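Here the structure is laid out as structure tokens; the discussion comes afterwards.
The values are calculated or read from the model by the stated rules, or taken from the named source; none is laboratory data. Here the structure is a predicted model, which means the values were calculated and not measured. Here the Cβ is made from the backbone with ideal geometry for all residues, glycine too, and neighbour counts use every protein chain on show. Each accessible area value is taken on the protein alone, full model and side chains, heavy atoms only, with ligands, DNA and RNA left out. Shrake-Rupley method; radii C 1.70, N 1.55, O 1.52, S 1.80 Å.
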Amino acid sequence: MTNDRVSRRAFLGTLGVAVAGSAGCQTPGQTDDSSGSEAGGIATDAGGSIAQQSANATQQSGSVYTDVYRTVADSVVSVRVYARNGRGSEGSGFLVDGEYLVTNEHVVSGGDQFYVRFADTDWREVSVVGTDVYSDLAVLRARNVPESSTPLPFTRRDPPVGTRVVAIGNPFGLSGSVSEGIVSGVDRTLRSANNFSIADAIQTDAAVNPGNSGGPLVNLDGDVLGVINSGGGDNVAFAISAQLCRRVVPSLVEDGTYRHSYMGVTLQSVTPLLARANDLQRASGVYIDRTLPGGPAAGVLEGSDRTRTVSGTSVPAGGDVIRRLDGMSTPTRQALATFLALKTSPGDTISVTLTRGGEQRTVDLELGTRPRP
């Protein structure tokens, strides 16, 4: 199938085994990757000598975050985009193959000229080879990558909650900026175009600000857990997961686009009120509110045919409740979206186990391709 073609396997392997939004007009090398203190310079007598030794040791070895920065920084770029109407945008990106860089689709959207700057270079013009609004990913091609820049590998699975992470990018025009935190959650869904969602996102409490968009969120080994997408509030930020990137990025390199699986339905998670309105024994599963005319689910799945009032609230009723897809439990919309995003491709036929009219049944559904935004 298109998204998993053999011709992309070599590049996908590169993403997994490679050696380990605003970007302003900053001076290259602006950041200081030393975490040492200057206290030793003013200390006196014997105590001062110890303080000086401690400061020198810290300056030489730094911290674990210093090591991550040194591993990753040369592969992270500032991105600057210009449009003919005078508008532009700025963000971050990073190297994933010999000459290919990943950033966010929203960073490059609407642009006509695109430039990147590595840690120790001037601005260099690059081209956009592919974009995907539904995953907010874009791939740039740079033909003069510095020798010091090595591709950053994507991890092969989502990280455990609590994993320590580092975000590297260019917030508020501060190039090579580092912030640290942990993985606060996984399998989040983010808003995308046309009321679709981006599945399997990573949540972190690492500080993320305008300009970080498109930069890497990495673990302490320097492996990429996700592509930074947004900051949603105090100590809440999100990244497009490495798992989704591993599917989308090779297709953007080869074809310039990516085809997402599509059911042709509008969905709701089963809430307590919805469970009562539909006489469900448990408030779990994914409720089909509507099947879209001409879509893959039309004639196969059934949506709401009435509403019921529960606790003073009008609630849809009569639609199917999806319990499993190809035998995998789907207790929430997030679980269903992640399964479609990571395990299927357009044209696949999947089995859908559902509850309809109080009875459980299984039907086959051939997936389509998500319409263009």
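Details
- Computed over protein heavy atoms with a 1.4 Å probe, the accessible surface of segment 76-201 works out to 42 Å² per residue.
- The packing ranking, built from the mean of other Cβ atoms within 10 Å per residue, places the peptides 283-292, 303-312 in the order 283-292, 303-312, highest first.
- Per-selection Rg to Rh, segment 91-183 - Cα, Kirkwood hydrodynamic radius: 0.97
- The label-point distance for Thr266 and Ser148, in a model that sets each label 7 Å from Cα toward Cβ, rounds to 5.4 nm.
- For segment 61-100: rounded, prolate or oblate by the Cα gyration tensor [a/c cutoff 1.5]: oblate
- Accessible surface computed residue by residue for segment 259-371, with neighbouring protein chains in place and a 1.4 Å probe, gives 48 Å² per residue.
- Relative packing of peptides 239-250, 149-160, 71-82 - highest average C-beta neighbours within 10 Å first: 239-250, 71-82, 149-160
- Computed across segment 161-246, the Kirkwood hydrodynamic radius from all distinct Cα-Cα pairs reaches 12.5 Å.
- Computed E for Asp255/Tyr82 - FRET, C-beta separation, R0 25 angstrom, nearest 0.05: 0.45
- Added length on full extension, which subtracts the Cα-Cα distance from 0.36 nm per residue, Thr349 to Thr121: 77.2 nm
- Short to long, the 5 Å bins of the Cα pair-distance histogram for segment 217-371 hold 2, 9, 15, 18, 16, 13, 12, 9, 5, 2, 0 percent of all pairs.
- Over all projection directions, the Cα-based convex hull of segment 106-241 averages an area of 8.5 nm².
- Counting protein heavy atoms only, segment 156-260 has 44 percent of its accessible area on carbon and sulfur, 1.4 angstrom probe.
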